[in-house]
Amino acid sequence: MTVIGDIGLDFVLGPLAHWPERGTELIIDRHEMRPGFSAANAALAARHLGASCTLVGDVGDDPLGYWLVGELAGIDVRIAHLPASTTTTVAVLHDDAERSFMTTRGHLELVTWSAMSARIPRAAPGAIALMTGVFLMPQIEHDYPLVLADLNARGYRVAVDTGWPPSGWTAELRQAASQWMQHCDILLLNETEVLHLAAKDNLEEALRELAAMLAPGGIAVAKTGSQGASACSSGRICDAKAVRLNVFDTIGAGDSFNAGFLLALGAGAELTEALKTACRTASTIISKFPRQSIPPAGLAQILGTKRS
């Protein structure tokens with residue numbers, strides 16, 4: 001699997017019962033600094049699963065950027081350092097399971113397809129490329145139909161997780177999506193994103209509409225959080241239930257799902273089984289804190305790649 005897109009730093013801390021008053025200080029019980037953003041999260045999930053993965057992206061030319069690259073050991077990283085500070089998110093976990101995010105401006109605003117595409121490996125037969133984080137990279141967003149068409153031309157099956165656009169799924173963005181979705185084989189969004197992109201109130205109707213806009217035989221997936229996931233391909237709806245585990249930190253759940261789903265598909269799993277594998281992957285990874293406690297291939301049994 002090749003993952004292309006947004007890489008940054010996540011600083012996760014919590015739980016927080018209330019915001020501190022101005023001028024005061026709180027002591028937080030748990031925290032972790034780790035590689036983050038969608039592309040890095042998916043690549044790390046592949047490493048947890050014992051699968052090979054190439055990660056193509058950029059970081060800043062600062063100490064945090066070099067630290068990030070070091071934390072991605074065991075992954076085929078093809079990363080450049082851009083002349084900016086590394087984009088960073090502070091994620092605050094509240095004690096009611098809600099989350100707040102504060103993200104800095106930084107290197108992601110400088111990412112260009114012309115520079116990044118030169119590092120993408122040649123596609124093996126049936127290879128899948130996952131493209132993430134388009135709305136965090138404005139120069140990539142501007143050329144998105146050309147970006148996905150380029151991946152098609154290189155022989156990849158293209159999977160896309162756009163994330164939520166800061167302005168919401170406006171009519172203008174829906175029109176733009178109709179131009180790039182024809183180059184997309186697998187669309188991986190959460191339930192809210194699916195409903196808003198399709199402008200529908202019913203999830204099955206929204207999935208069918210989006211699947212029909214993809215490349216022939218395309219798969220539209222809705223990640224439904226603690227409920228599991230649903231998908232549509234060729235008019236057929238499939239569902240999988242989430243695995244219930246004790247979870248403190250849900251950040252990156254959707255990215256971990258993406259890795260499990262695409263790796264299962266690439267190994268020949270049928271659609272429902274791939275959804276189940278993805279749900280197991282996401283639930284297992286987000287039940288671990290800190291995430292850096294998961295060793296390479298520590299979750300290989302999920303894919304059945306563990307060797308005796």
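The values are calculated or read from the model by the stated rules, or taken from the named source; none is laboratory data. Note that the structure is a prediction, hence the values are computed from the model and not measured. Counting neighbours? That spans all protein chains shown, and the Cβs are built from the backbone with ideal geometry, glycine included.
Look at the stretch 129-162 and say how many of its residues are surrounded by 20 or more Cβ atoms within 10 Å (Cβ to Cβ) and either within 14 Å of the chain's Cα centre (by Cα) or not in a helix (DSSP H, G or I) (or both). Explain how you work it out, then say what you get.
So the first thing to find is which residues in the stretch 129-162 are surrounded by 20 or more Cβ atoms within 10 Å (Cβ to Cβ), and the list is 129-134, 136-137, 140, 144, 147-148, 151, 156-162.
Then keep just the ones that are either within 14 Å of the chain's Cα centre (by Cα) or not in a helix (DSSP H, G or I) (or both); that gives 129-134, 136-137, 156-162.
The number of residues fulfilling the criteria is 15.
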From the residues in the stretch 89-110 that are free of Cβ contacts under 8 Å to residues at least 60 places away in the same chain and part of a loop (DSSP other than H, G, I, E, B), which one is farthest from the chain's Cα centre (by Cα)?
Asp96
Six or more apart or on different chains, Cβ under 8 Å: which pairs go from a residue in the stretch 172-186 that's under 12 Å from Ala159 (Cα atoms) to one that's surrounded by fewer than 21 Cβ atoms within 10 Å (Cβ to Cβ) and among the small types (Gly, Ala, Ser)? Could you list them?
Gln182/Ala215; His183/Ala149; His183/Ala215; Cys184/Ala215; Asp185/Ala215; Asp185/Gly217
Hits in the stretch 86-103 - residues which are in contact with a Gly (Cβ under 7 Å, 6 or more places away or on another chain) and either under 18 Å from Ser38 (Cβ atoms) or of a type in the set (Val, Ile, Thr) (or both)
Thr86, Thr87, Thr88, Thr89, Val92
The lone condition Leu299 fails out of (1) modelled with pLDDT of 95 or more; (2) farther than 22 Å from Gly74 by Cα is (2)
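Among the residues of the stretch 169-200, which ones are assigned to a loop (DSSP other than H, G, I, E, B), surrounded by 14 or more Cβ atoms within 10 Å (Cβ to Cβ) and aliphatic (A, V, I, L, M)? It would help to see each step written out before you state the result.
Quick first cut of the stretch 169-200, residues assigned to a loop (DSSP other than H, G, I, E, B) only: 169-170, 184-185, 199-200.
Right, trim to surrounded by 14 or more Cβ atoms within 10 Å (Cβ to Cβ) and you get 169, 184-185, 200.
Answer for the stretch 169-200, where residues must be assigned to a loop (DSSP other than H, G, I, E, B), surrounded by 14 or more Cβ atoms within 10 Å (Cβ to Cβ) and aliphatic (A, V, I, L, M): there is none.
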I'd like to verify a number: residues in the stretch 246-293 that are among the aromatic types (Phe, Trp, Tyr) and over 20 Å from Asp29 (Cβ atoms), how many?
2
Scan of the stretch 249-308 for residues that are touching a strand residue (DSSP E or B) at 6+ places or on another chain (Cβ under 6 Å), more than 19 Å from Ile128 (Cβ to Cβ) and among the hydrophobic types (A, V, I, L, M, F, W, C), ordered by number
Ile251
How many residues of the stretch 189-200 are more than 21 Å from the chain's Cα centre (by Cα) and touching a residue at least 24 places away in the same chain (Cβ under 8 Å)? The answer is 1
Of all the strands (runs of 3 or more DSSP E) wholly in the stretch 201-294, which have at least 2 residues that are more than 16 Å from the chain's Cα centre (by Cα) and of a type outside the set (A, V, I, L, M, F, W, C)?
228-233, 236-241
Please go through the stretch 76-124 and give me each residue that is surrounded by 18 or more Cβ atoms within 10 Å (Cβ to Cβ) and closer than 17 Å to Phe248 by Cβ, ordered by number.
Ala91, Leu93
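In this structure, is Arg119 assigned to a loop (DSSP other than H, G, I, E, B), farther than 30 Å from Leu207 by Cα and at pLDDT 95 or above? Can you show your working first?
Details: assigned to a loop (DSSP other than H, G, I, E, B): yes; farther than 30 Å from Leu207 by Cα: yes; at pLDDT 95 or above: yes.
Against the criterion (assigned to a loop (DSSP other than H, G, I, E, B), farther than 30 Å from Leu207 by Cα and at pLDDT 95 or above), Arg119 qualifies.
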Report every pair of residues separated by at least 6 positions or lying on different chains whose Cβ atoms are under 7 Å apart, first residue within the stretch 1-13 and over 9 Å from Ala39 (Cα atoms), second of a type in the set (D, E, K, R).
Asp10/Arg34; Val12/Glu32; Val12/Asp249; Leu13/Arg30
